[in-house]
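Written below as structure tokens is the structure these notes are about.
Please treat every number below as a calculation from the coordinates, not as lab data. All values reported here derive from a predicted model rather than from experimental measurement. All Cβ positions, even for glycine, are placed from backbone atoms using ideal geometry, and neighbour counts span all protein chains on display.
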Amino acid sequence: MLRVELRKRRGEFSLDAAFSAPTPGVTALFGRSGCGKSTLISLIAGLLAPDAGRVVLDDDVLFDSERHLSVDARHRRIGVVFQDARLFPHLSVRGNLDYGARRVARETPRPVAFDDVVSLLGLGQVLARRPHQLSGGEKQRVALGRALLSQPRLLLLDEPLASLDLARREEVLPYLEKLRDAFAIPIVYVSHQFDEVLRLATRVVLLDAGRTLADGDIATVSRHPQLRAIVGPDSVGAVLAGHVESVDKTGLAVLRVGDAELIVEIDGAVVGQRIQIQVLARDVIVATGRPSGLSVRNVVAARVISVTADAGRAVLVELDIGRTATLLARITSRASEELGLSVDKQVWALIKAASLRGHVFSVPAR
Amino acid sequence: MLSPAETEALWLSLSVAARSVAFNLPFAILVAWLLTRTRFAGRTLFDAFVHLPLVLPPVVIGYLLLVLFGVRGPIGGWLHQNFGIQLAFTSTGAALATAVMSFPLVVRAIRISLENVDRGLEEAARTLGAGPMDRFVSITLPLIAPGILAGAVTAFAAGLGEFGAVITFAANIPGETRTLPLALYTALQTPDGDALAARLAAISLSLGLAGLLVSEFLSRALRLRLGR
């Protein structure tokens, strides 16, 4: 477990954040640009001195202002990947990868092997190249490998995809997923893109103006009002996590979520895999009777938890689909009135299978 | 092609200039580092002091060196008594005077490249387990190598021609401190020395040009290595 409780004042900006992250596991630090995510990363890594607080990693105290204790950044064994890669320009890719590896203390165990990292990140062809000969995506992959080979107890990824264009992001994301599943190294992933968070993290810490607003599993935090405000009305949606129950001939997977079964499109799904999906609120239709003769694959029995006003003439309906699983639906306020939606009313939620894309987590996350 | 006296002056110039650079570099790197990376009381005064040789007449520098490093001076006397080292009126003294004169040039060149070093790279090295000295040697030094090289070559080229400080502190002794410019000056003072002066001037010119070309070539090669 990583436990963080830090305060830092920098001019006008003040940070006062507290969260915990499971180890292993991927925890996302999510918030708008300028909310203090990168500052928090620097503080945890030990590159910046906090004013007060504590950082404890697996019972190892790295910083404690009350005890005047602060482990130097180079002894924390925390690997950091920065937004701008920060590869050493005078060293080859191999030299960069070796830099941290050479400085690992003799008594430190070395579970991460050079060859494994090179093949996992697909760096075999570029080992002899210099950083300026690499594409943006390749640079970030080298930076990831370099951090991994320093045998870290924790990886801090500070918006590693933010400086890349969309195509490059899609190129690097699968490597991040592989890395997450291949090594049992806990990861704190900083991002202001919720789709990245959805693909990589199981826990989310919501940060706004230097304060932690929420800290919990992604399904819970995805419904937080502040998170909805950050992602914007079109990207609002509940995140659901479930396991693949069966896969049909056409490649559609049946996912068990709460009491419901959802049919989802997943590439190469395997029974038992943990899947995370986001059901966008705008993609959910609410019906008061069970409909028939529709193309919609997913018809889920639900109970209205709340109906709240949303942007424009819409309302956001929160639906309980059993075992604490929740859906969000955005409908017009007029539709809500005509259907007579009120708390505890039993309804049906309709979701097109084609609108759902599942993200595979091959290692069951805690 | 060259007369023995010319060869002597040429070699002496090259040797004095090379030794002046060797004196210079370690101190210049240290001073440049202090001026870019640290904040201390009297930093501005220190900065001005380092740049004094640029604005003072070289004769004044030579005179100050004589006062400090002369056989009866506080430092020169101590060196002479304890180690039998004499600097004034020797070629080592000429190298010292040359080094002091070109010191601000070297500091300036190194300082500019130090200011351009991305501190983020040093931070990255720190998270990868590198200590302060390790980071300096493995990251900072290679990154400022073009600046060090540029400073060294400039100092070398300028050192070939140092006149005022050398003649004041080390005098004009044939075979010991009579470098190219001093030999040229001496030739001009001698009747029928015009031809010799012209030849010495031509040698100086070629040397200076060669130095600048080599510097440009080396810094290009280094920058290519760094990928800029």
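A Förster radius of 51 Å combined with the Cβ-Cβ distance from A:Arg10 to A:His243 puts the calculated FRET efficiency at roughly 0.70. Close amide-amide hydrogen proximity is noted between A:Leu127 and no other residue 5 or more places distant or on a separate chain, at a cut-off under 5 Å (H modeled in the peptide plane; Pro and chain starts excluded).
Take each residue in B:133-140, count the other chain C-beta atoms within 10 Å of its C-beta, and the mean is 2. Above 16 Å, the calculated P(r) of segment A:237-362 contains 59 percent of its Cα-Cα pairs. Ignoring aspartates and glutamates fewer than eight residues from A:Lys139 along the same chain, the ones with Cα atoms less than 16 angstrom from its Cα are A:Asp84, A:Asp98, A:Asp158, A:Glu159, A:Asp165, A:Glu170, A:Glu171. The convex hull around the C-alpha trace of segment A:98-153, projected and averaged over every direction, spans 3.9 square nanometres. For segment B:94-228, the relative contact order works out to 29 percent when only alpha carbon pairs closer than 8 Å and six or more residues apart are counted. Both radii were evaluated on the Cα set of segment A:294-366; the Rg over Rh quotient, with Rh as the Kirkwood radius, amounts to 1.04. Entry note, chain A: the mean residue ellipticity at 222 nm calculated from DSSP H runs of n ≥ 4, each adding -39500 (n - 2.57), is -6500 deg cm²/dmol after division by the residues and rounding to the nearest 500. Can you name the helices of chain B, as whole DSSP H runs, whose Cα span along the helix axis is 24 Å or more and whose Kyte-Doolittle mean is not below -1.0? The qualifying helices are B:4-37, B:91-115, B:141-160, B:194-226.
Can I get the semi-axes of segment A:270-310's equivalent ellipsoid? Compute them from the C-alpha gyration tensor as square roots of 5 times the eigenvalues, in angstrom, largest first.
23, 18, 11
Using C-alpha pairs under 8 Å with a sequence gap of at least 6, the mean separation divided by the residue count of segment A:237-362 gives a relative contact order of 32 percent. Counting every C-alpha pair in segment B:31-112, the share spaced more than 16 angstrom apart comes to 58%.
For segment A:333-349, 3J(HN,Hα) computed residue by residue from phi via the Karplus equation (6.51, -1.76, 1.60; θ = phi - 60°) reads 5, 5, 4, 4, 5, 5, 7, x, 5, 8, 4, 6, 5, 7, 9, 10, 9 Hz, glycine and proline entered as x.
Remark on A:Leu2: its backbone amide H falls under 5 Å from those of A:Ala21, A:Thr23, A:Asp58, a criterion applied only to residues 5 or more positions apart or on other chains, H modelled at 1.01 Å from N.
Scaled against the 2.2 N^0.38 Å expected of a compact globular protein of N residues, the Cα radius of gyration of segment A:37-121 reads 1.28. Calculate the length of the line joining the C-alpha centroid of segment A:205-262 to that of segment B:1-56, in whole Å. Rounded to whole Å, the Cα centres lie 65 Å apart.
Centre-to-centre separation between the Cα atoms of segment B:67-131 and those of segment B:163-217: 25 Å. Volume per residue of the convex hull around the Cα atoms, evaluated for chain B, comes out as 149 Å³. Evaluating 6.51 cos²θ - 1.76 cosθ + 1.60 at θ = phi - 60° for every residue in segment A:204-213, the Karplus couplings come out as 10, 10, 9, 10, 8, 6, x, 10, 8, 8 Hz, glycine and proline recorded as x. Summarised in one figure, the compactness ratio Rg/Rh of the protein assembly as shown, Cα atoms and Kirkwood Rh, is 1.19. Across all C-alpha atoms in segment B:152-220, the radius of gyration and Dmax reach 13.6, 46 Å. Run the paramagnetic zone check for B:Asp192: 7 angstrom along Cα to Cβ, then residues of segment B:146-181 with backbone nitrogen under 17 Å. Nothing falls inside the zone, counting backbone N under 17 Å.
In terms of Cα to Cα distance under 21 Å, which lysines are near enough to A:Lys8, apart from those fewer than 8 places away along the same chain? Filter leaves A:Lys37.
Along segment A:312-329 the Karplus relation, 6.51 cos²θ - 1.76 cosθ + 1.60 evaluated at θ = phi - 60°, assigns HN-Hα couplings of x, 9, 9, 10, 10, 9, 9, 10, 8, 10, x, 6, 6, 6, 9, 10, 10, 10 Hz to successive residues, with x for each Gly and Pro. Cross-link partners of A:Lys249 among lysines, defined as those whose alpha carbon lies under 30 angstrom from its own and excluding same-chain residues fewer than eight positions apart: A:Lys178, A:Lys352. Bin by bin, in steps of 10 Å, what percent of the Cα pairs in segment A:56-200 do you find, going until the bin that has the longest distance? Answer for segment A:56-200: a P(r) of 11, 42, 34, 12, 2 percent.
When only alpha carbons are used to place a centre, segment A:7-24 and segment A:180-202 end up 19 Å from one another.
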